[in-house]
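Right, one structure below, let's go through it.
The numbers here are math on the coordinates, done by the rules we state, and not lab data. As the structure is a prediction and not an experimental result, all values here were calculated from the model. As a convention, Cβ positions derive from the backbone with ideal geometry for all residues, glycine included, and neighbour counts pool all protein chains shown.
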């Protein structure tokens, strides 16, 4: 399984690459809606990509790995949205942490599905994993936090 971990570079170096944003602009304080958050948009896109990929899973996996992947994928934008709606910093961070945990869970399931030959590795999905992971990491661990 070797070098298939998608978060090898430090999150600080990956944040903002190709996103047109700076590291300090990723928090939700300037967004008028959770739908304006780049991390929410990317995680929503990831859900759509995962659903497309698992459509090819065998019928025997509909209630197994495929269902687990759907749940983990959906929880990333859901927790991001819920975190946006919480106005206390600790609650916000808690929901971003849950989204990050779901991302890790989904990445593990994605790797399993590749190793089980259910799907092929896909650079689009892997790049989205990296981008979301870097953004959530920075939102949970901001550099400018007092």
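General remarks:
- Peptides 87-93, 61-67 ranked from most to least packed, by the mean per-residue count of other Cβ atoms within 10 Å: 61-67, 87-93.
- When you restrict to C-alpha pairs under 8 Å that are six or more residues apart and normalise by the size of the stretch 33-140, the relative contact order lands at 34 percent.
- Shape of the stretch 96-142 from the C-alpha gyration tensor: oblate (a/c of 1.5 or more and a/b not above b/c, with a ≥ b ≥ c the square roots of its eigenvalues).
- Cα gyration tensor shape of the stretch 33-140, rounded if a/c is under 1.5, else prolate or oblate by comparing a/b with b/c: prolate
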